[in-house]
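J.: I have a structure I would like to understand better, so I am pasting it below and will then ask my questions one at a time.
The values are calculated or read from the model by the stated rules, or taken from the named source; none is laboratory data. All values derive from a computational prediction rather than experimental measurement. Note that each Cβ is placed from the backbone with ideal geometry, even for glycine, and that neighbours are counted across all protein chains shown.
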Amino acid sequence: MQIFDAAASPQFLDNPMVTGEPYIRFYAGQPLMAANGLRLGRICIMDTKPRRLDSGELGLLRDLAALVEREIHTVDLATTDELTKIANRRGFEIQAQNALDFCKRVERPATMAFLDLNDFKMINDRFGHQEGDHVLATFSSILINTLRRSDVIGRLGGDEFVALLTNTTPNEAEILMSRFQSSIEAYNKESGKSYELSYSVGQVAYDPEGHLTIDDLISESDRAMYVDKRLKKSLI
């Protein structure tokens, strides 16, 4: 897409960047696409004078966009869990730290939920690793479909999952996790499996003074999860 003279374009003539500083006159943009086809935005070239890119310059712009897309894809591969398609530990820590910093800056609450599948080793041993992989993928899918787009979800490894519930008080987190439990129960009722999905969870409210990093919040919610797991075992 090229706009040769933004001041003469009905689409851009009243844009603040055209009518005022920096007085943009020329614009060219090439779409950036994710590997799954999702449009990410555009890589743009702008000038304060009207101009026109020739075919060679347009080719360079397309090549630059392709280079950026490959870099984005590389980062995505490095921060996404291949099996469940949610963030891996590295990806979660990056995304969750950014979300936590935002919550601190605007003084919003957040709650960390640490979830660990119960009897996962038994499922692997009795039904095989393929079935174990199915359990992990199913559990993460229910998390995605139950929680909100603003929440940050990740798989730390093995059968351990985490969710940073942004702009969420402990009471609101309880409602969300109750909804998740209902989704798990509905799955168990309809799956026809000879086992049931079960998990232990630890929830911790974000304290800006006590949780300086996302690792602090993960560690405390992990300890809370083990308390819940021991309680469940004691009731069996």
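J.: Are any residues in the stretch 182-219 over 21 Å from the mean Cα position of the chain (by Cα), assigned to a helix (DSSP H, G or I) and not aliphatic (A, V, I, L, M), and if so, which ones?
T.: SER182, GLU185, TYR187, ASN188, LYS189, GLU190, SER191
J.: For the stretch 122-166, which positions are under 16 Å from VAL201 (Cβ atoms) and of a type outside the set (A, V, I, L, M)?
T.: PHE139, SER140, THR146, ASP151, GLY154, ARG155, GLY158, ASP159, GLU160, PHE161
J.: Modelled with pLDDT of 95 or more, among the basic types (Lys, Arg), farther than 23 Å from ARG126 by Cβ and assigned by TED's automatic domain parsing to the domain that holds ARG126: which single residue out of ARG223, ARG230, ARG149 fits that description? Steps first, please.
T.: Numbers: ARG230 fails: modelled with pLDDT of 95 or more; ARG149 fails: modelled with pLDDT of 95 or more.
Result: ARG223 is the single residue among ARG223, ARG230, ARG149 that is modelled with pLDDT of 95 or more, among the basic types (Lys, Arg), farther than 23 Å from ARG126 by Cβ and assigned by TED's automatic domain parsing to the domain that holds ARG126.
J.: Considering only residues that are loosely packed, with under 15 Cβ neighbours inside 10 Å and among the basic types (Lys, Arg), which ones fall in the stretch 113-158?
T.: LYS121, ARG126, ARG148, ARG149 - these are the residues of the stretch 113-158 that are loosely packed, with under 15 Cβ neighbours inside 10 Å and among the basic types (Lys, Arg).
J.: Among the small types (Gly, Ala, Ser), within 15 Å of the chain's Cα centre (by Cα), assigned to a helix (DSSP H, G or I) and at pLDDT 90 or above: is that true of ALA137 in this structure? Let's see the steps before the verdict.
T.: Details: among the small types (Gly, Ala, Ser): yes; within 15 Å of the chain's Cα centre (by Cα): no; assigned to a helix (DSSP H, G or I): yes; at pLDDT 90 or above: yes.
Against the criterion (among the small types (Gly, Ala, Ser), within 15 Å of the chain's Cα centre (by Cα), assigned to a helix (DSSP H, G or I) and at pLDDT 90 or above), ALA137 does not qualify.
J.: Could you grab me the full set of residues in the stretch 170-210 that are over 16 Å from PHE139 (Cα atoms), without any contact (Cβ under 8 Å) to a residue 12 or more places away in the chain and either charged (D, E, K, R) or buried (at least 17 other Cβ atoms within 10 Å of the Cβ) (or both)?
T.: Correct list: ASP207, GLU209.
J.: Hey, can you tell me all the residues within the stretch 38-61 that are loosely packed, with under 13 Cβ neighbours inside 10 Å and in contact (Cβ under 8 Å) with a residue 24 or more places away in the chain?
T.: Scanning the stretch 38-61 gives LEU40, THR48, LYS49, ARG52.
J.: Further question: How many residues, within the stretch 81-98, are surrounded by 19 or more Cβ atoms within 10 Å (Cβ to Cβ) and within 20 Å of THR169 (Cα to Cα)?
T.: Residues meeting the conditions: 1.
J.: Next question. Considering PHE120, PHE114, PHE127, which residue is over 19 Å from the mean Cα position of the chain (by Cα) and within 23 Å of SER234 (Cα to Cα)?
T.: That would be PHE120, the only listed residue that is over 19 Å from the mean Cα position of the chain (by Cα) and within 23 Å of SER234 (Cα to Cα).
J.: A follow-up question, please. List the residue pairs whose Cβ atoms are under 8 Å apart, where the first residue sits in the stretch 2-21 and is in contact (Cβ under 8 Å) with a residue 12 or more places away in the chain and aromatic (Phe, Trp, Tyr), the second is assigned to a helix (DSSP H, G or I) and surrounded by 13 or more Cβ atoms within 10 Å (Cβ to Cβ), and the two are 6 or more positions apart or on different chains.
T.: Filtered contacts from the stretch 2-21: PHE12/ALA6; PHE12/VAL18.
J.: While we're looking at this one, here's another question. Which ones in the stretch 52-63 are under 11 Å from ALA28 (Cβ atoms) and either part of a helix (DSSP H, G or I) or not assigned by TED's automatic domain parsing to the domain that holds TYR27 (or both)?
T.: From the stretch 52-63, those under 11 Å from ALA28 (Cβ atoms) are 52-53, 57-58, 60-62; that's our starting set.
Answer for the stretch 52-63, where residues must be under 11 Å from ALA28 (Cβ atoms) and either part of a helix (DSSP H, G or I) or not assigned by TED's automatic domain parsing to the domain that holds TYR27 (or both): GLU57, LEU58, LEU60, LEU61, ARG62.
J.: What is the residue count in the stretch 105-125 for residues that are touching a Phe, Trp or Tyr at 6+ places or on another chain (Cβ under 8 Å) and of a type in the set (Lys, Arg)?
T.: Adding up the residues that qualify gives 1.
J.: Go over the candidates GLY41, GLY37 one by one and state the one that is modelled with pLDDT under 85, under 30 Å from LEU136 (Cβ atoms) and not in a helix (DSSP H, G or I).
T.: GLY37
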